[in-house]
Amino acid sequence: QVQLVESGGGLVQAGGSLRLSCAASGSISGFYAMGWYRQAPGSQRELVATITSGGTTNYADSVKGRFTISRDSAANTVYLQMNSLKPEDTAVYYCAGKNTMGSSWGQGTQVTVSS
């Protein structure tokens, strides 16, 4: 089972940027899709962005034009570049990978955006 570890979270002021990384313990080529999800206090986990093995991306309407998901298969890492951050982006961000056997999830990284 490939393990996923997120990093790059932190505290940033509104309008700032952060880049999250999701490092896999093995090859990510076995995942037909990988994505970032987030969960704010008192809210359900929601989709932020996904990317397929072919490079097709999908974004939540709330982050379109501000966030960019990418993957580096050689480094077995998926990234989430977050620009123009807003206080409502504050959440724990999780990385996930999907393959034919199910889904793998990381432990999450906290992103806090101050106003």
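Taking residue 61, is it over 25 Å from residue 99 (Cβ atoms), acidic (Asp, Glu) and free of Cβ contacts under 8 Å to residues at least 60 places away in the same chain?
When the stated conditions are applied, residue 61 passes them.
Go through region 98-111 and give me each residue that's assigned to a strand (DSSP E or B) and open to solvent by 50 Å² or more (accessible area, probe 1.4 Å). Spell out how you get there, then give the answer.
Filtering region 98-111 for residues assigned to a strand (DSSP E or B) gives 98-99, 102-105, 109-111.
Those that are assigned to a strand (DSSP E or B) and open to solvent by 50 Å² or more (accessible area, probe 1.4 Å): 98, 103, 105, 110.
The values are calculated or read from the model by the stated rules, or taken from the named source; none is laboratory data. Everything numeric in this text was worked out from a predicted model, so none of it was measured. Cβ sites come from the backbone with ideal geometry, for glycine too, and all protein chains shown count toward neighbours. Keep in mind that these areas ignore ligands, DNA and RNA; they rest on the heavy atoms of the full protein, side chains included. Shrake-Rupley method; radii C 1.70, N 1.55, O 1.52, S 1.80 Å.
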